[in-house]
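Asks: Quick one: this structure, given as structure tokens, is what I'll be asking you about.
The values are calculated or read from the model by the stated rules, or taken from the named source; none is laboratory data. Note that the structure is a prediction, hence the values are computed from the model and not measured. A quick note on method: Cβ atoms are made from the backbone with ideal geometry, for glycine too, and the neighbour counts reach across all protein chains shown. These area figures cover heavy atoms from the full protein model, side chains too; ligands, DNA and RNA do not enter into them. Shrake-Rupley method; radii C 1.70, N 1.55, O 1.52, S 1.80 Å.
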Amino acid sequence: MARAGRLDSEEILWYRYDIGEMAVSYDRGDGTTALREGLLVPFEAGERLVLTRAEIRDGDGSASEDGLYDPDDGDKRVDWNVDDGVTVRHGERVSLFGVVRPLQPLSSDVEAGEDGRYRVKNRAVTVHYSLLDGGRECLSFDREVGLVRTGINDRASIYEFRHDLVLPEGARRLSVRLWAVDSHDEAVAGTEKTVPLVWAGGGGCSLGYGTLFLLAVPLAFLVARRG
């Protein structure tokens, strides 16, 4: 399909799990664990990146687990609607989960192998993040797209990501702007998102954002051909 230039065809429907997984374990808020099952939903027209959920855990100085996910870990709160903002408390760590669509490459980016298989050399490889305090940028950085699920797969899913966010002390209402970047270091249309971050405390970008790390989770999607 990539070689034929049909990945963006209206005849192709791209699907994803609405919560990024077949099922997600989480803390109800009272110490008990619940399970929410995912539903297959289509990507919207022109949409090439979706944030599927945010998981909130005790930060406690632990190292980031960017790009890794344990499906059996239920020790976290989950925000199922990231687009309207994520509320956290000081000391907590936010993990943003998302999925990207395959890109229609140029013909020069599709190589035919002797075995009849093709190699596609362009995709969304990183997500660029910009931390904003109002309209002022405090920090920007890039994180890789890719997700390994503990005990399930050793090779990363190249269309999913988990990016960890460790919040600095004394932060106030900020936002994160993000978009995907392809193999040619070009911004990918249809991937830009802005996520408000809401937590208690005063101050802003001047209070030590060198401690903030935004890192990279899996989300399987299916392809269906319209009849």
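Asks: For the stretch 22-45, which residues satisfy the criterion of being part of a loop (DSSP other than H, G, I, E, B), touching a Phe, Trp or Tyr at 6+ places or on another chain (Cβ under 8 Å) and farther than 27 Å from ALA187 by Cβ?
Replies: Result: GLY38, LEU39.
Asks: Moving on. Quick one: what pairs do we get from the stretch 98-109, first residue crowded, with 20+ Cβ neighbours inside 10 Å, second among the charged types (D, E, K, R) and part of a strand (DSSP E or B), C-beta under 6 Å, 6+ apart or different chains?
Replies: VAL99/ARG16; VAL99/GLU160
Asks: Which residue is farthest from ARG53 (Cα to Cα), if the candidates are limited to the stretch 164-195 and must be modelled with pLDDT of 80 or more, assigned to a loop (DSSP other than H, G, I, E, B) and not hydrophobic (A, V, I, L, M, F, W, C)?
Replies: Looking at residues that are modelled with pLDDT of 80 or more, assigned to a loop (DSSP other than H, G, I, E, B) and not hydrophobic (A, V, I, L, M, F, W, C), I get HIS184.
Asks: Being modelled with pLDDT of 90 or more, of a type in the set (D, E, K, R), on the phi < 0 side of the Ramachandran plot and under 16 Å from the mean Cα position of the chain (by Cα) is true for just one of GLU55, GLU65. Which residue is that?
Replies: That would be GLU55, the only listed residue that is modelled with pLDDT of 90 or more, of a type in the set (D, E, K, R), on the phi < 0 side of the Ramachandran plot and under 16 Å from the mean Cα position of the chain (by Cα).
Asks: When you go through (1) open to solvent by less than 20 Å² (accessible area, probe 1.4 Å); (2) hydroxyl-bearing (Ser, Thr, Tyr); (3) modelled with pLDDT under 90 one by one for SER206, which number turns out not to apply?
Replies: (1)
Asks: Turning to a different aspect of this structure: Go through the stretch 54-95 and give me each residue that's open to solvent by 10 Å² or more (accessible area, probe 1.4 Å), of a type in the set (A, V, I, L, M, F, W, C) and within 19 Å of VAL41 (Cα to Cα).
Replies: TRP80 - this is the single residue of the stretch 54-95 that is open to solvent by 10 Å² or more (accessible area, probe 1.4 Å), of a type in the set (A, V, I, L, M, F, W, C) and within 19 Å of VAL41 (Cα to Cα).
Asks: Next question, about the same structure. Find the strands (runs of 3 or more DSSP E) located wholly in the stretch 75-160 whose residues include 2 or more that are out of contact with any Gly (no Cβ under 6 Å at 6 or more places or on another chain) and charged (D, E, K, R), and list them.
Replies: Passing ranges, in order: 77-79, 136-144.
Asks: Does any residue of the stretch 46-66 turn out to be of a type in the set (S, T, N, Q), part of a strand (DSSP E or B) and in contact with a strand residue (DSSP E or B) (Cβ under 8 Å, 6 or more places away or on another chain)?
Replies: Yes, some residue in the stretch 46-66 is of a type in the set (S, T, N, Q), part of a strand (DSSP E or B) and in contact with a strand residue (DSSP E or B) (Cβ under 8 Å, 6 or more places away or on another chain).
Asks: Here is a further query. Within the stretch 19-42, identify whether any single residue is touching a strand residue (DSSP E or B) at 6+ places or on another chain (Cβ under 7 Å), β-branched (Val, Ile, Thr) and open to solvent by 70 Å² or more (accessible area, probe 1.4 Å), and answer yes or no.
Replies: Within the stretch 19-42, one or more residues are touching a strand residue (DSSP E or B) at 6+ places or on another chain (Cβ under 7 Å), β-branched (Val, Ile, Thr) and open to solvent by 70 Å² or more (accessible area, probe 1.4 Å).
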